[in-house]
Amino acid sequence: MSRLYSCFALLLIAAAVCTAQIFVVHSAMDDVFELTETVLESSADKNTIYMKTEELYSKWESDKNKLCLFLDHDEIDAVSCLIYAVRQHCKNGNYGLVYSECAKMKVLIDAIDDTEIIKFENFF
Amino acid sequence: MLTTILRTLFLYITILLAIRLMGKRQIGDMQTSELVITLLISDIASIPMENPGKPLMGGFIPICLLVVCEILLSILMIKNKKIRRVVCGKPIVVIENGKICQTELKMLRMSIEDLFEQLRQNEVFSLDDVIYGIVETNGKLSILKKENNPEIPQGDMDVIVVSDGEISNSSCTLLKTTTEDIKNTVNKKHKNIKDIFLMTESTNGTVKITEKEKKNNKNKKGKSN
């Protein structure tokens, strides 16, 4: 009987971790994705691009530690590298490169978020 | 490096707890399902252990799930004999009165060399010394030897005919008897098959019956302990 209880406890732990993963990864990735899109859309206003990039950076810095629990650290490092690059290009006024890095980041974030979804392609 | 050490310690404790939850058994005594789970757990644990880039949860959660599967399967196997039969198989007689049962041996995909190796490990060097040789579900060979020990009745082997209230058809075949005969034997002893925990019948016809413990007795026993 005690084995059954421990079994139940383990199942609860697994369910809790899975729920936390879905919530944390999905919400963090969604936020970053939206901010990246905003940067890409605000092509005319340089101040807005700068502000949004800073927002993106601070958001990523706060979410990074939580994401480390569930995501491959290499993927997190790849996103971090791109965000630092976007920030640096923005400071230097290379807006063309900002868009290019943002486009790369969008694809990467989309791919990371996509791997967490239960679907036929991910199953196999 | 310190991270790797800490991760290793964490996973070591996790695996220890997992194995402890699954129950104590030696490698040789493991059923197929237990062996598979043990191999999988060790393999899964090694991934986050050797690669600090992988999240620990990626190893921890699959281990938890495998342990849960193993515990649930073992509970189901106790409750349902059909599931046990599917997962573990059944013991198969490969030697009967010194003769090798070739069909069973082929079915087990066991070579004569393997059989003789196991016989030798059981200190049997001639087929004539064997009354029954049974390959258990964990792959081990159990042997009933012809011995000159007066305390051991020669040529007798206890066969489980009723286990947990159910008659074993394979045992009936082995004893060359029918389920009706077993029911009659039980009725003669004024007992109900459903109330029998274990009934063994020796090849010389001796019947031993152990009845199921009543729930009240069990509780009292539990309390006294």
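The values are calculated or read from the model by the stated rules, or taken from the named source; none is laboratory data. Quantities reported herein were computed from a predicted structural model and do not represent experimental measurements. All Cβ positions, glycine included, derive from the backbone under ideal geometry; neighbour counts span all protein chains shown.
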Legend entry - Whichever residue in region B:156-201 is over 22 Å from B:K79 (Cα atoms) and in contact (Cβ under 8 Å) with a residue 40 or more places away in the chain and, among such residues, is surrounded by the most Cβ atoms within 10 Å (Cβ to Cβ): B:E201
Inset, instruction - Scan region A:1-26 residue by residue and report those that are within 7 Å of another protein chain (Cβ to nearest Cβ) and either hydroxyl-bearing (S, T, Y) or touching a Lys or Arg at 6+ places or on another chain (Cβ under 9 Å) (or both). - result: A:S6
Inset, instruction - Scan region A:40-58 and give yes if some residue there is in a helix (DSSP H, G or I), surrounded by 15 or more Cβ atoms within 10 Å (Cβ to Cβ), free of Cβ contacts under 8 Å to residues at least 12 places away in the same chain and more than 14 Å from chain B (Cβ to nearest Cβ), otherwise no. - result: yes
Legend entry - Residue, nearest to B:P62 (Cα to Cα), within region A:59-78, restricted to residues that are more than 14 Å from chain B (Cβ to nearest Cβ) and buried (at least 16 other Cβ atoms within 10 Å of the Cβ): A:D63
Inset, instruction - Kindly provide the set of residues from region B:74-86 that are surrounded by fewer than 18 Cβ atoms within 10 Å (Cβ to Cβ) and among the hydrophobic types (A, V, I, L, M, F, W, C), ordered by number. - result: B:I75, B:L76, B:I78, B:I83, B:V86
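Results for (1) within 25 Å of A:Q21 (Cα to Cα); (2) surrounded by fewer than 18 Cβ atoms within 10 Å (Cβ to Cβ); (3) in the same structural domain as B:L141 (by TED's automatic domain parsing); (4) hydrophobic (A, V, I, L, M, F, W, C), shown as yes or no for each residue.
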position	(1), (2), (3), (4)
B:T38	no, no, no, no
B:A45	yes, no, no, yes
B:G53	yes, yes, no, no
B:L56	yes, no, no, yes
B:P62	yes, yes, no, no
B:L66	yes, no, no, yes
B:L105	no, no, yes, yes
B:I112	no, yes, yes, yes
Legend entry - Scope region B:37-57; condition more than 20 Å from B:L21 (Cβ to Cβ) and facing chain A (nearest Cβ under 8 Å); matching residues: B:P52, B:G53, B:K54, B:P55
Legend entry - helices (runs of 4 or more DSSP H) wholly inside region B:1-120 that include at least 1 residues being among the aliphatic types (A, V, I, L, M) and touching a residue at least 40 places away in the same chain (Cβ under 8 Å): B:2-22, B:32-50, B:57-79, B:81-88
Legend entry - Options B:K208, B:K220: the member that is in contact with a Ser or Thr (Cβ under 7 Å, 6 or more places away or on another chain) and modelled with pLDDT under 80: B:K208
Inset, instruction - Might you check whether a residue that is among the hydroxyl-bearing types (S, T, Y) and within 14 Å of chain A (Cβ to nearest Cβ) occurs anywhere in region B:72-94? - result: yes
